Amino acid sequence: MSNKPHRIAMLGTGLIGWFYTKSLHEHRRPDRVQVVYSRSEERGKAFAEEWNIPKYTTSMEEAIKDKSVNVVIVGLPNDLHLEAIKLCCKYKKSVLCTKPLARTGAEAKKILEMVEKAGIFHGYLEDLAYTPKTLHALQSVKNGVIGRVTWARSREAHPGPHSSWFWDLKKAGGGAIVDLGCHCIEIARNYIGKDIRPVEVMCWAATQVKPIEAEDNAIALVKYANGAVAQFEVSWSFRGGMDLRDEVAGTEGVIRTDHFMRTGFEMFTAAQEASYVAEKAESASGWLFPVGDEVNSLGYTHMFTDMFDSLDNGTTPMESFYDGYIVNAVIDACYKSAKTKKWEPVVIKDWRGRTDVTEPSPFVDYDADHWHIKDEFLPDGRKKVILKEKVTGNIIQRVL
Ligand SMILES: NC(=O)c1ccc[n+]([C@@H]2O[C@H](COP(=O)([O-])OP(=O)(O)OC[C@H]3O[C@@H](n4cnc5c(N)ncnc54)[C@H](O)[C@@H]3O)[C@@H](O)[C@H]2O)c1
């Protein structure tokens, strides 16, 4: 294990480049951005000054091949991920790429093959799988707190992205599904189990509000080989801020998390908040919902810790490019299903998880003659048991 601080090339000085750099440079963390790439010299210079970064450049290749750099972070629009990662392979630099890994499953597969061929470290920057609440919830699920996971729901909705390229189908690869659904798919996948194959998808997608080619709203169901179902809801036209909520249910319990709008921090101002409130907040007066430590609440802190620890230890991080590829494969099936209005298979060319998984039986013995359905305590203190007779199939109840 090496504990040497990492020297980073940050590609992109937009919203995510800023959040990533903030996560890395605050709280005396050792890993530092050494060089920043921006198309605009003026923006690169301003960004470098803001974060005390020694170098800036308008050449992506210069930033990646810089001798002082050992890790590259890709924070560029979706259509530039492939090009940036190709250069990381050329110069054998470890690479961390923001979500979505690519615009399609085929593009993601190409990226995965490239990094594996080059033998470089790769991490998929899916921050919402790393929020402190999600990490705690995932551990509880692993500990069996909710029993067998049957259903996971993830919702990401906000008033729409902040830059033109997101709204351009060619550059982004899709609309709200590729932009927000990618988070939801991976969160649910973590809860259900990454070794469980996502099998098929049913998706509704529509352009309800914005004059764009892509979808601005969508809902999908992703069915897994063990019978569990993941549900996601995404919107680019939700008003009132950013709604980030997850829920996971199992045979023994349920967990709900709210990462953004109801975090327990509420503020009212009849004047006006003079500065930034929270990402995608739509108002600076009245009731406000700031998030507190936003980069930590959104998972960036724990995500980078896992990435750099894994790099130091020579292990695979919780989120790798393989995960990014699976997410893109699910997204492809979503788009297909939205068109055909049918369940569509998730096409995964290189499944590395379990292949022995079947759907569990819902039949649990009560006694030799009955299956157990449910116990209920009545308000008067009696207990009722609902059973199914094995021979007749009749459903009966007994009050004990
Ligand atoms: N939670 C998250 O993980 C999260 C949040 C936001 C964005 N993202 C992802 O980060 C990436 C960038 O998104 P963003 O929000 O920072 O976008 P942004 O528009 O705020 O910033 C994009 C950056 O890329 C630069 N850029 C744009 N077109 C370029 C071109 N043709 N050549 C070179 N540079 C170019 C811009 O100047 C800017 O620096 C996207 O893949 C997006 O999906 C991830």
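Tell me yes or no: at least one residue of the stretch 337-347 is closer than 18 Å to LYS110 by Cβ, of a type outside the set (Val, Ile, Thr) and over 21 Å from the mean Cα position of the chain (by Cα). For the stretch 337-347, residues closer than 18 Å to LYS110 by Cβ, of a type outside the set (Val, Ile, Thr) and over 21 Å from the mean Cα position of the chain (by Cα): absent.
Restricting to the stretch 52-100, name every residue that is among the hydroxyl-bearing types (Ser, Thr, Tyr) and either within 11 Å of the ligand (Cβ to nearest atom) or in contact with a Ser or Thr (Cβ under 9 Å, 6 or more places away or on another chain) (or both). Before the answer, list the steps.
Keep residues of the stretch 52-100 that are among the hydroxyl-bearing types (Ser, Thr, Tyr), which gives 56-59, 68, 91, 94, 98.
Result: TYR56, THR57, THR58, SER59, THR98.
For the stretch 370-400, residues that are surrounded by 12 or more Cβ atoms within 10 Å (Cβ to Cβ) and not in a strand (DSSP E or B) total 1.
Restricting attention to the stretch 22-45, which residues are basic (Lys, Arg) and not in a loop (DSSP other than H, G, I, E, B)?
Initial filter on the stretch 22-45 (basic (Lys, Arg)): 22, 28-29, 32, 39, 43, 45.
Result: LYS22, ARG32, ARG43, LYS45.
Just so you know, in the stretch 158-201 the residues that are over 15 Å from TYR325 (Cα atoms) and basic (Lys, Arg) include one that is surrounded by the most Cβ atoms within 10 Å (Cβ to Cβ), and it is LYS171. The criterion of at least 2 residues that are within 16 Å of the ligand (Cβ to nearest atom) is met, among strands (runs of 3 or more DSSP E) falling completely within the stretch 144-226, by 149-157. Taking the stretch 281-305 as the range and being in contact with a strand residue (DSSP E or B) (Cβ under 9 Å, 6 or more places away or on another chain), within 30 Å of ALA228 (Cβ to Cβ) and not in a helix (DSSP H, G or I) as the test, only LEU298 passes.
Bear in mind that the values in this text are calculations on the coordinates, not laboratory data. Everything numeric in this text was worked out from a predicted model, so none of it was measured. FYI the Cβ positions are ideal-geometry reconstructions off the backbone, even for glycines, and counts take in every protein chain you see.
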